[in-house]
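Presented below is the structure to which this report refers.
The values are calculated or read from the model by the stated rules, or taken from the named source; none is laboratory data. Because the structure is a prediction, the values reported are computed rather than measured. Neighbour counts run over all protein chains shown; Cβ positions are idealised from the backbone, glycine included.
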Amino acid sequence: MACSTVSRLKLLAIVCISIMATGCGEAPAPQAAVLPSVIVSTAKMEDIQSKTEIVGRTRGSEDVTIKSQIQGQLLKRSFIEGDDVTQGDLLFEIDPATYVAELAQQKAVLKQAIASRDVAVMNWERGRRLLPDGMISAQDMDELTSRKLTTAAGVVQAEAAVSAAELQLSYTKIYAPISGRISNAKVSTGDIISPQSDMANLVQLQPMWVNFQVAERALITAQQSFSKALSRDIKIQDIVINLRLPNATMHKESGYIDFVSNKVDPATGTLPIRATFKNADNFMLPGMFVTLIIESPVKEQALLIPQASVQEDQQGRFVMVLNEQNKVEKRIVVLGERFGVKWRVLSGLDGGDRIVVDGLQKIRPGIEVNAIEQEIVPFQDANETK
């Protein structure tokens with residue numbers, strides 16, 4: 001027991017000496033706080049071309065209602081409903097029997113008229129030779145002349161009747177007046193067709209028209225700004241129009257404006273405009289709602305920032321900016337349209353401001369950070385560099 005007590009006393013003495021020795025030395029220096037690292041991008045002025053999106057509706061460049069011009073029984077339909085047809089293709093055939101008979105009758109009348117005219121001409125020639133010798137009177141000669149002129153007119157009238165009968169007969173076969181896509185038939189084989197009966201509808205899909213409307217104020221503002229920037233009057237041909245289809249894919253080819261109304265619609269305060277697009281794949285059909293993307297022909301300077309830097313709260317959209325001491329400041333911004341992965345700043349920032357684009361979840365206004373500068377590259381450019 002005595003040995004055990006002595007051992008405990010020695011251990012306690014060693015611990016006390018160690019504590020005293022430690023207390024007499026210098027205390028370790030506190031470690032410096034680690035600043036959160038963030039990625040920043042400098043807001044700068046860049047050349048842009050403004051774009052405006054407007055909803056429009058497609059319309060066939062030609063839209064024809066096929067109608068009958070005669071009466072008769074429908075013998076044949078020669079197309080597949082909903083198929084594409086070519087100009088000149090036979091569509092319908094109406095029973096021609098009545099019109100064949102009418103043409104034959106008018107041709108017979110024409111032959112009679114020609115015979116009468118020929119006789120009248122021969123008699124006139126005979127009278128012309130006999131008149132100087134006094135073999136016929138002047139009155140008889142006048143009658144021969146009148147007969148010749150009357151029968152000649154009869155021939156012209158008969159020829160016109162034959163032409164009319166031939167025209168009526170030609171109407172028994174109805175051909176496609178344009179190339180396009182045909183609707184379902186509105187009549188059936190065996191129906192008795194009346195003049196002006198609707199038989200089908202044919203629309204031309206290439207090119208395709210898109211009708212849209214522009215507010216009068218926007219139109220005037222655009223024209224004034226374009227003219228001022230270009231120092232000349234803006235021309236319709238200067239405007240580039242792209243089209244987004246209903247499934248959000250872009251149409252392959254750009255279009256152009258081919259019609260601007262000569263007056264503003266007083267009911268809506270808008271100006272009707274029409275654009276034309278090639279439709280080689282026939283993806284667009286009449287009646288579709290599409291989005292027109294109109295690009296300004298004028299380049300201008302604008303302050304752009306990355307979309308990733310923009311946040312939003314009850315006060316509106318804002319960004320985190322670093323001051324000269326690398327401390328975080330909150331800035332409320334007013335933004336305009338988007339350009340790729342960047343957003344146009346209308347107010348709230350100046351060129352040269354450093355905007356936090358990554359690491360936003362680690363910061364708050366007033367704290368100091370470690371800033372890493374990085375250039376924001378649009379998605380398409382990044383992919384091309386791989």
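Remarks
- Selection status of Arg117, surrounded by 13 or more Cβ atoms within 10 Å (Cβ to Cβ), over 30 Å from Leu285 (Cα atoms) and either over 46 Å from the mean Cα position of the chain (by Cα) or modelled with pLDDT under 95 (or both): yes
- Under the condition of being under 37 Å from the mean Cα position of the chain (by Cα), under 20 Å from Ile39 (Cβ atoms) and buried (at least 17 other Cβ atoms within 10 Å of the Cβ), the residues counted in segment 319-340 number 2.
Rundown of residues vs (1) in contact with a strand residue (DSSP E or B) (Cβ under 9 Å, 6 or more places away or on another chain); (2) more than 13 Å from Gly56 (Cβ to Cβ); (3) outside any strand (DSSP E or B); (4) aromatic (Phe, Trp, Tyr), yes/no style:
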residue	(1), (2), (3), (4)
Ala267	no, yes, yes, no
Asn282	yes, yes, yes, no
Gly287	yes, no, yes, no
Leu292	yes, no, no, no
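- A count restricted to segment 341-362 and to residues that are among the polar types (S, T, N, Q), under 20 Å from Leu35 (Cβ atoms) and in a strand (DSSP E or B) stands at 0.
- Residue match in segment 76-94 (condition: under 30 Å from Ile257 (Cβ atoms) and crowded, with 18+ Cβ neighbours inside 10 Å): yes
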